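Note sheet for the following structure.
The values are calculated or read from the model by the stated rules, or taken from the named source; none is laboratory data. Remember, it's a predicted structure, so these values are computed and weren't measured experimentally. Positions of Cβ are backbone-derived with ideal geometry, glycine not excepted, and every protein chain shown enters the neighbour counts. Accessible surface areas use protein heavy atoms only, side chains included; no ligands, DNA or RNA. Shrake-Rupley method; radii C 1.70, N 1.55, O 1.52, S 1.80 Å.
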Amino acid sequence: MRVHLAVGGCLAATHHGMAAEPKSPLHRIVALLKDMQSQISTETAEDESTYNKLSCWCDNNEKEKSSSVEEAQSAIEMLTSDIASGEKSVQELKSQISQAREELASNQEALDSATSMREREKKEFHTYETEAIANIEALKAAVLVLGKAQSLVQDSDDGVAFLQSRVDRGTKQDDEDGDARRVVGNIGLPHVDLAQTKVTMTHALFASVKNVVNAHLDLETAGKVNEVMMELTHGEVGAQSGEIYGVMQQLLEDMQKTLKDTSERDSASALSFQGLESEKKDEIKKNTGFIDSRMGALAATEKKVDG
């Protein structure tokens, strides 16, 4: 296109020159070729400049794009590594949370079980303690009555022994001997009338003590004790009252010791439970805090991986 325009221009100039100064056809052709050469040189220089610019742009653009590709590739590799690391962290966090929840459930179950057992022990001890105290008070009252009766029997025995000794010595005072024999006969051992001393056992006390005796003594011993106590309800005391007094006194001491030992064991159990309760509550608090922290970390890691 440029050549044709140049040729046209040259022809126009030639015609104009011819009008001014006629030239031969050869001269006109030479002039036309020179103009064409000049135009081509200019266009060549322009094309070369354009080429150089485009070539420089291509080189620079290639370098920039290559660098960008390398950076993108590096970023992809880094992101891929981060995603893999994040997914591994997610699995580890889930495993830690699962394990912590199992420990929490185990600690809570242990605490609930210990609490239930302690409540049962407290209830059982309270029931036992209430009953034991009532039984001990009944035994104390029964032992008191037996003690007073035994004291009276002992005094009576001492008096009879004194009178009997006088008879055995064979005193010559017949009237005194006759009085002694009458006293021995009138006491009527082995029973002593306690009506004048007011040493009696109420039927209510007898019923309470009888239950204790039947529950803690063998059948034969319990029968003897109940027999003596039944006599006491009628204001009488038998010759076995001394033996029965000893049995009842020992039973009272045994029950007092059992109550004391049981109370100490319950106190020790309460202290043990308090220690266990404090320990389990601390562990439950730690489990809960650990789970909360790991849940937060898990949410943040999953967001990072999915983002």
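Taking the charge dipole of segment 218-307 about its Cα centre, with +1 at Lys and Arg Cβ atoms and -1 at Asp and Glu Cβ atoms, the residue from 247, 270, 296 reaching farthest to the positive side is 296.
Remark: spin-label model distance residue 45-residue 113 equals 10.3 nm, labels positioned 7 Å along the Cα→Cβ axis. If R0 is taken as 41 Å, the Cβ-Cβ distance between residue 37 and residue 65 corresponds to a FRET efficiency of 0.50. Counting only Cβ charges, +1 for Lys and Arg and -1 for Asp and Glu, the dipole size of segment 231-307 around its Cα centre is about 900 debye. The share of accessible area on segment 36-136 that comes from carbon and sulfur is 52 percent, using a 1.4 angstrom probe. Between residue 269 and residue 204, residue separation times 0.36 nm minus the direct Cα-Cα distance comes to 19.8 nm.
Positive contributions from Lys and Arg (+1) and negative ones from Asp and Glu (-1), summed over other residues with Cβ under 12 Å from the Cβ of residue 114, come out at -2.
So, R0 is 45 Å and r is the distance between the beta-carbons of residue 120 and residue 82; what FRET efficiency does that work out to, to 0.05?
Result of the calculation: an efficiency of 0.20.
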